[in-house]
Ligand code: NAD
């Protein structure tokens, strides 16, 4: 087997201890790796690299396209960027895959039958990081959900479900409220489901979906979710299995992949030699699957299960009932090495299948007819009397527009607003084409804004209102 180049970062806190233990097991199991080490994390943040990574390190990541990363300590406070978010976005790692499995009765858990995988969209949603303070009182974050982003993660989730022998794929969104953005994710899920009739599918509103997952995790098999919900639900799912110290995860894209433990750098126990290396080890095992060394992955998984079954446990999972020996990081790794070639008796045995799957290239849908039918203009206005504001705006609409609506934090306040509605200094004014369905031009919008500027109004944002093949591409104001 040819050696595969892999970039490795030892990280911060317990990172170096668990990475050393992990690489020891990989080596003894026969993994063929050519390791390139890079430094990321705390020391770089402290030396002025606000993203926690040096420019040279990208060369290694671009060359190997495979990154095994120990946890790092993210400094608190402004100006520092999350290294994980930077790496995911720069390398286009659109899928975060986190298997969550209970190892009862050997590891104590309230939910002994959990065996599910969370597949989280990794690049879009509120994590686009586009945020603004727009007025004295109001801030805004942009939630971006795209068709290519949704198609990639959902197609990946179906392929994963099919090739990893799972039966059911559940999608969580909040499309009863976010009808356009989460609605697109749900719609793409329903479209792609048509290509996989053998997979059982269902959609749940994210709040009840998470509640059911926390209560009855064994009901779920694979779950696909947009970024923010995925961040939350993947931690819930990992916690249900009894320890966040046991889960690894992969971040996959068209041009690279990153593998890690899901826990952090645990500074409270760093340097003591007591950390559980299992999360990083199981992350590294996912890496071996990815680089076509699945047989080595299988040997390690089986030996690791046997170690857990034999009651050789680190302090975080030690229990009076099933644990036989409390060991540190190194001794645990050695116990796994000693069991290479053995299989567990009752925990799941794994048998390697060379069933890698490839993802189709995204193809753009044919263009629809896009028509500009109006504009939402947002204003900073601290002392607005709504009726007087409406009269002032009506005088500025010109021949091209009519004033349709004024809202404050999404609640309609004109026409026919309620005096009880609390208003901030942030107003949305909807201006539609002068007659129903009339199309307006960019020039019309520019001239409208010029009139507003001349009148001394403080507009802070505009959003164009489009129809796509006659279908509305904007949400209606409440009460519209
Ligand atoms: P943490 O996961 O580091 O620790 C939470 C608790 O779990 C601690 O009590 C810790 O001792 C314990 N723990 C974690 N991993 C363990 C292991 N392998 N064995 C035994 N016990 C373990 O979370 P935190 O304390 O909130 O964060 C510490 C630092 O890690 C922060 O700077 C945070 O930003 C960072 N972090 C990094 C990553 C990453 O690099 N992917 C992920 C999460 C947090």
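The values are calculated or read from the model by the stated rules, or taken from the named source; none is laboratory data. Everything quoted here is computed from the prediction, not taken from an experiment. All Cβ positions, glycine included, derive from the backbone under ideal geometry; neighbour counts span all protein chains shown.
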Any chance residue 138 is outside the structural domain of residue 290 (by TED's automatic domain parsing) and within 25 Å of residue 249 (Cα to Cα): no
Filter result for residue 339 (under 25 Å from residue 114 (Cβ atoms) and in contact (Cβ under 8 Å) with a residue 40 or more places away in the chain): no
Top-ranked residue of segment 232-272 - restricted to ones that are away from the ligand (no atom under 11 Å from the Cβ) and surrounded by fewer than 18 Cβ atoms within 10 Å (Cβ to Cβ), ranked as nearest to residue 107 (Cα to Cα): 236
Any hit, segment 327-336, residues being within 11 Å of the ligand (Cβ to nearest atom), buried (at least 16 other Cβ atoms within 10 Å of the Cβ), over 16 Å from residue 18 (Cα atoms) and not assigned by TED's automatic domain parsing to the domain that holds residue 121: no
Any hit, segment 205-226, residues being within 15 Å of the ligand (Cβ to nearest atom) and either surrounded by fewer than 22 Cβ atoms within 10 Å (Cβ to Cβ) or not assigned by TED's automatic domain parsing to the domain that holds residue 159 (or both): no
For residue 287: the one exception among (1) in a loop (DSSP other than H, G, I, E, B); (2) within 16 Å of the ligand (Cβ to nearest atom); (3) touching a strand residue (DSSP E or B) at 6+ places or on another chain (Cβ under 9 Å): (1)
Residues of segment 51-69 that turn out to be within 16 Å of residue 12 (Cα to Cα) and out of contact with any strand residue (DSSP E or B) (no Cβ under 6 Å at 6 or more places or on another chain), as a count: 2
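Quick one: which strands (runs of 3 or more DSSP E) sit completely within segment 70-151 and have at least 1 residues that are in contact (Cβ under 8 Å) with a residue 60 or more places away in the chain and farther than 22 Å from residue 227 by Cβ?
In segment 70-151, the matching strands (runs of 3 or more DSSP E) lie at 95-101, 115-121.
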Residue check, residue 257 in a strand (DSSP E or B) and either touching a strand residue (DSSP E or B) at 6+ places or on another chain (Cβ under 7 Å) or over 24 Å from residue 58 (Cα atoms) (or both): yes
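Go through segment 62-92 and give me each residue that's within 13 Å of the ligand (Cβ to nearest atom) and crowded, with 21+ Cβ neighbours inside 10 Å.
67, 68, 69, 70, 71, 72, 83, 87, 88
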Positions within segment 1-30 being within 13 Å of the ligand (Cβ to nearest atom), touching a helix residue (DSSP H, G or I) at 6+ places or on another chain (Cβ under 6 Å) and in a helix (DSSP H, G or I), in sequence order: 17, 18, 21, 22
Selection within segment 98-119 - under 13 Å from the mean Cα position of the chain (by Cα) and either more than 15 Å from the ligand (Cβ to nearest atom) or surrounded by fewer than 22 Cβ atoms within 10 Å (Cβ to Cβ) (or both): 118, 119
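Yes/no matrix, rows are residues, columns are (1) without any contact (Cβ under 8 Å) to a residue 40 or more places away in the chain; (2) under 28 Å from residue 268 (Cα atoms):
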site	(1), (2)
22	no, yes
30	no, no
35	yes, no
46	yes, yes
Residue in segment 53-61 that is in the same structural domain as residue 333 (by TED's automatic domain parsing), in contact (Cβ under 8 Å) with a residue 24 or more places away in the chain and part of a strand (DSSP E or B) present: yes
